[in-house]
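Let me begin by presenting the structure, written as structure tokens, before commenting on it.
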Amino acid sequence: MPMLTVEQALEQILATVDPAVPRETPLAEALGCRLAGDVISPVDSPPFDKSMMDGYAVRVADVTETDVALRVVDEVTAGRTADVPVGPGQAVRIMTGAPIPDGADAVVPIERTRRGEDDNEIRLEVTPPVQNRWNIIPRGESMRQGETVIETGQPIRAQETALLAEMGQAVVTVRRPPRIAVLATGDELVPIDQTPAPGQIRNSNALMLAAQVREAGAVPVLLDIARDDPQDLDEKIAAGLQCDVLCLSGGVSAGKLDLVPAALERAGVREVFHKVAMKPGKPIWFGATGEPGATGEGRSYIFGLPGNPVSSMVCFELFVRAAIRRFLGIEPAGPGILTAELTEPFEYDSDRPTWFPAHVEIREGRLRVHVVDWKGSSDLRSTVRANASVRLPSGHSTGAAGTTVDILPWGRINGM
Ligand code: AMP
Ligand code: MG
């Protein structure tokens, strides 16, 4: 079987992963979830004509000259309603957010008034005509009952939380972010707080992947390093399969101790593909438990990411993120490829389509990309100068400064 292209691999991932089953969730716990349906407002907002100012609710028709005197017949604060309507020659003292009394059609700010003959007289210092509805926020101005105000797939952030709260949606129907187990494999790995003995290295992938999981809005579950030993792998894979997604790193290429595919098979994981025509990341393995279409819950999706750090990282951005978006019900779920202009000439030869580390920034409203110095899939250092990959076809690539290239942002650009 010829090796899959990145596009084919993505198609297979999206065809395999089912969106999470929508759940009714208390609004207070829904931050980071995605709405599983359109939200239609059951209310008008604001719910009543409302004062924008502290001042006096008056009748526009009464303001016929500068320095008009009006009788103050009532006072209304936020949370109350006036007891009497505003009649001719009358005013009601009103506070910001309070409902406009019947009969009134403008609010004169307190700063534009002064005391009259006694406590119950007020004089207006305004030049007629006063605009009808001055300082009144009309009922339903920002949203009307029956309007669709938030759409399916939208993330629940602070602002969605507030709007849903305003509408009284104390329970919302959402898709939760997946829990993603991270399992680094390899006899050479030591925990990061230990000094590696000769031949050993620190396990940098686990925390990197956990950080990527978090940046992608999902929930990481860190597992201990698995040794290149069938029994240890079996145990840790079994623990990882408790999560919605299991990301392994290492052990998926063709070496003597690349035991991960066989261990996954023993665990009952069905292989969907192994190896993709790309650089870095060619040995990537993907599979799933359960039957496709068997509506989500209880299934797991398994990525065997190559151990080389840059390979793991790029495969996560391309493939795991797509699976997360699909799980959350985000459309389209595939990677958001953008275009950017090269800041300097670039030339590269590769036998496979390549995702080259690069730094993208927004300058004068346009995306500009600078390709970083990169020594290959183990060159983790190059990635700290980068925030994206440039997509290059296989063969000889060359581009002058200003050439437009495809880029895959890793998370955010310019911190946005
Ligand atoms: P593997 O895919 O297991 O053949 O590993 C490929 C390369 O990545 C080897 O040089 C490993 O030592 C390295 N590697 C594997 N796992 C990790 C890890 N968790 N952190 C850092 N490097 C790793
Ligand atoms: Mg290994």
Gln154's amide H: which non-local residues (gap 5+, or another chain) put their own amide H closer than 5 Å, with H modeled 1.01 Å from N in plane and none for Pro or chain starts? Leu35
Quick check: net charge around Ala82, other residues with Cβ under 13 Å of its Cβ, Lys/Arg +1 and Asp/Glu -1? -2
Expressed as a whole percent, how much of the Cα-Cα distance distribution for the chain exceeds 36 Å? 47 percent
Please list, or write none, the aspartates and glutamates whose alpha carbon is within less than 14 Å of the alpha carbon of Lys275, excluding same-chain residues fewer than 8 places away. Glu7, Asp258
What does the charge count near Pro332 come to, summing +1 for each Lys or Arg and -1 for each Asp or Glu among other residues with Cβ under 15 Å from its Cβ? 0
What list of ³J(HN,Hα) couplings, whole Hz, do you get for segment 364-376 from phi and the Karplus terms 6.51, -1.76, 1.60, once you set θ to phi - 60° and write x for glycine and proline? 6, x, 10, 7, 10, 10, 10, 7, 8, 5, 9, 9, x
By the Cα gyration tensor axes a ≥ b ≥ c (a/c under 1.5 gives rounded; else a/b larger than b/c gives prolate, otherwise oblate), the shape of segment 221-317 is oblate
Mean accessible area per residue over the chain (1.4 angstrom probe, all protein chains present, square angstrom) is 48 Å²
Applied in sequence order to segment 317-322, the curve 6.51 cos²θ - 1.76 cosθ + 1.60 (Karplus, θ = phi - 60°) yields integer Hz couplings, x standing for Gly and Pro, of 4, 7, 9, 5, 4, 5
For segment 153-253, how big is Rg over Rh, using alpha carbon atoms and the Kirkwood form of Rh? 1.17
Once you charge only the Cβ atoms, +1 for Lys and Arg and -1 for Asp and Glu, what is the size of the charge dipole of the chain about its Cα centre, to the nearest 20 debye? 980 debye
What nm distance separates the two modelled labels at Glu121 and Leu14, each placed 7 Å from Cα along Cα→Cβ? 7.5 nm
At 1.4 Å probe size, what's the solvent-accessible area of Arg112? Round to the nearest 10 Å². 100 Å²
Ignoring ligands, DNA and RNA, what percent of the accessible area of segment 250-408 is carbon or sulfur (1.4 Å)? 51 percent
List the residues, sorted by chain then number, that are 5 or more residues from Val276 or on another chain and whose placed amide H is less than 5 Å from its amide H. Ile284
Kindly identify segment 333-416 as rounded, prolate or oblate by the Cα gyration tensor criterion: order the square roots of the eigenvalues as a ≥ b ≥ c, call it rounded if a/c is under 1.5, otherwise compare a/b with b/c, prolate if a/b is larger, else oblate. rounded
Nearest-5 percent of antiparallel DSSP beta bridges in the chain? 70 percent
Using Cα pairs closer than 8 Å and at least 6 residues apart in sequence, work out the relative contact order for segment 130-226, in percent. 27 percent
Lysines with Cα under 21 Å of Lys279, excluding same-chain neighbours fewer than 8 positions away: Lys375
Which percent of the accessible heavy-atom area of segment 1-64 goes to carbon and sulfur, probe 1.4 angstrom? 57 percent
Apply the Karplus curve 6.51 cos²θ - 1.76 cosθ + 1.60, θ = phi - 60°, to the phi angles in segment 94-111 and return the couplings in whole Hz, x for Gly and Pro. 9, 10, 3, x, 7, x, 5, x, 4, x, 7, 9, 6, 10, 8, x, 3, 5
Environment charge at Met313 (Cβ cut-off 12 Å; Lys +1, Arg +1, Asp -1, Glu -1): -2
Virtual spin-label span in nm between Met3 and Gln231, 7 Å along Cα→Cβ: 3.6 nm
Take the alpha-carbon centre of segment 209-265, take the same for segment 304-352, and report the distance between them in whole Å. 20 Å
Using every alpha carbon pair in segment 210-254, what percent of pairs falls into each 5 Å bin from 0 up to the bin containing the largest distance? 5, 20, 28, 23, 16, 7, 2
Mean residue ellipticity at 222 nm from the helices of the chain, using -39,500 (n - 2.57) per DSSP H segment of n ≥ 4 over the full residue count, to the nearest 500 deg cm²/dmol? -4500 deg cm²/dmol
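The values are calculated or read from the model by the stated rules, or taken from the named source; none is laboratory data. This structure is a prediction, so every number in the text was calculated from the model and none was measured. Please note: Cβ atoms are built from the backbone with ideal geometry, for glycine as well, and neighbour counts cover all protein chains shown. For the accessible areas, the whole protein counts, side chains as well, though only heavy atoms, and no ligand, DNA or RNA atoms are used. Shrake-Rupley method; radii C 1.70, N 1.55, O 1.52, S 1.80 Å.
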